[in-house]
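Asks: I have a structure here, written as structure tokens, and I will follow up with some questions on it.
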């Protein structure tokens, strides 16, 4: 059985979907399933390249790219590479949203079984979606199975009527980050709050900064990540005179991320729209035994990952006061904090590769035998 993953990008490109694909590819190869990758190169006008990686020597082919439009790689060479490679694989596992991958499948029409992994609906680019929608509906019809990481992915999507009866739920898998040698030290006399993600609108960091206004001087909030809203958020911090209590850290290395997870008291995911469908950073925090404060977003699976009063607290989206109240509760209620910290350690076990990879193996086998 040979599987080809078709996606936008692949590590070292940073991103939640890229991390998910890498975990799945590495896990399947470790389990003895020959699993390769075809993606776009993130380097502008680079040459198409193929190389082997990892102990299992799986193949990554990066198609030459002419840049990005609406976060989609313009990589027409992906079509040619799929035409050359497609017949070698029993299953092609495509990751949505990725119009370039969908176009390549439409033009090449490989005979392999198609697994469509539905990471999220396209929420904001409505005008572009009008052009892409016919191709997307074709892809859903062509797919042998549509897989979502939570119930909400399959049952609450705009395309749910098109999924039935193909929908399946298989959670994301994650190998916990390992503790690293400390390169930063947080002052333990404060209650240290950590948040991590691209500084974009749907991550809701503006609400977390507003929450600091309702918290006393014993709280420190650290926000890791870079993005288009860095300047806006910096100005918001200065406007409310929070420079000594809220800190934008910029892009962080893996070592720095591990240090903040290890040394913080609580992790916050304040996202506000269902562009955030899972929040894999929640699992990273749980791997360090940290309670999570996350938001309940309509038609999103975020609150199915962090379970309220089990691995953390769930508060309404777009509600700074609720965020502040949750953080204050975790600081003041030591017994609740200890319970949720232990619950976070238990919750991460459901997402470990040894729990998830066998589910993918069974699905692939079912498709090939079917």
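Computed from the coordinates by the stated procedures, all read-outs in this text should not be read as laboratory data. All values derive from a computational prediction rather than experimental measurement. Neighbour counts run over all protein chains shown; Cβ positions are idealised from the backbone, glycine included.
Asks: Relative to the longest principal axis of the C-alpha atoms of the chain, give the angle of the C-alpha long axis of helix 16-30, reported between 0 and 90° and rounded to the nearest 10°.
Replies: Helix 16-30 and the main axis of the chain meet at about 60 degrees.
Asks: Give, in whole angstrom and from largest to smallest, the semi-axes √(5λ) of the equivalent ellipsoid of the stretch 207-293, with λ running over the eigenvalues of the Cα gyration tensor.
Replies: Whole-Å semi-axes of the equivalent ellipsoid: 21, 16, 14.
Asks: With a 10 Å cut-off between alpha carbons and a GNM built on the chain, which of 343, 148, 15 moves the most?
Replies: 15
Asks: What is the chain's relative contact order, in percent, from Cα pairs under 8 angstrom and six or more apart in sequence?
Replies: 14
Asks: Further question: Determine the calculated [θ] at 222 nm for the chain from helices alone, applying -39500 (n - 2.57) to every DSSP H run no shorter than 4 residues and normalising by the residue count; nearest 500 deg cm²/dmol.
Replies: On the way: 14 runs with 145 residues, N = 370.
The helix contribution divided over the chain gives -11500 deg cm²/dmol.
Asks: While we're on this one: What residue among 104, 75, 335 has the largest mean-square fluctuation in a Gaussian network model of the chain, using Cα springs under 10 Å?
Replies: Taking springs between Cα atoms under 10 Å, the residue moving most is 335.
Asks: How long are the semi-axes of the equivalent ellipsoid of the stretch 83-125, taking √(5λ) for every eigenvalue λ of the Cα gyration tensor, in whole Å from largest down?
Replies: Result for the stretch 83-125: semi-axes of 22, 12, 6 Å.
Asks: Please state, to two decimals, what the Cα-based radius of gyration of the stretch 191-350 comes to when divided by 2.2 N^0.38 Å (N = residues).
Replies: Its radius of gyration relative to the 2.2 N^0.38 Å reference: 0.94.
Asks: Additional query: Please compute the modelled spin-label separation between residue 318 and residue 299, points set 7 Å along Cα→Cβ, answer in nm with one decimal.
Replies: That separation, rounded to one decimal, is 1.4 nm.
Asks: Which ordering of 337, 364 is given by a fewest-first count of other beta-carbon atoms within 10 Å? All intermediate terms of the calculation are to be shown ahead of the outcome.
Replies: Details: 337 17, 364 22.
Least to most surrounded, the residues fall as 337, 364.
Asks: What ranking do 39, 264, 368 get, fewest neighbouring Cβ atoms within 10 angstrom at the top?
Replies: Final ranking by Cβ density, sparse to dense: 368, 264, 39.
Asks: Of the DSSP beta bridges with both residues in the chain, give the percent that are antiparallel, rounding to the nearest 5.
Replies: 15
Asks: When 360, 138 are ordered from fewest to most other Cβ atoms inside 10 Å of their Cβ, what list results?
Replies: 138, 360
Asks: Now, a different point. Just report the Cα centroid separation between the stretch 5-43 and the stretch 314-333, whole Å.
Replies: 36
Asks: Residues of the stretch 77-102 with amide nitrogen under 20 Å from the 7 Å Cα-to-Cβ point of residue 2?
Replies: Once the point is set 7 Å along Cα→Cβ of residue 2, 78-95 turn out to lie under 20 Å by backbone N, inside the stretch 77-102.
Asks: Taking every DSSP beta bridge that has both residues in the stretch 191-350, what percent is antiparallel when rounded to the nearest 5?
Replies: 5
Asks: What span do the alpha-carbon atoms of the stretch 316-370 cover on each of the three principal axes, reported in whole Å from largest to smallest?
Replies: 55, 27, 10
Asks: Okay, next question. Going 7 Å from the Cα of residue 334 in the Cα-to-Cβ direction, what parts of the stretch 267-302 have a backbone nitrogen less than 13 Å from that spot?
Replies: none
Asks: Please report, largest first and rounded to whole Å, the three semi-axes of the ellipsoid equivalent to the stretch 128-273, where each semi-axis is the square root of five times an eigenvalue of the C-alpha gyration tensor. Before the final figure, lay out the partial values.
Replies: Working: eigenvalues 281, 77, 36 Å².
Working through the eigenvalues yields semi-axes of 37, 20, 13 Å.
Asks: Shifting gears a bit: Compute the helix-to-body angle for 334-347: its Cα long axis versus the longest principal axis of the chain, expressed 0 to 90° and rounded to tens.
Replies: 10
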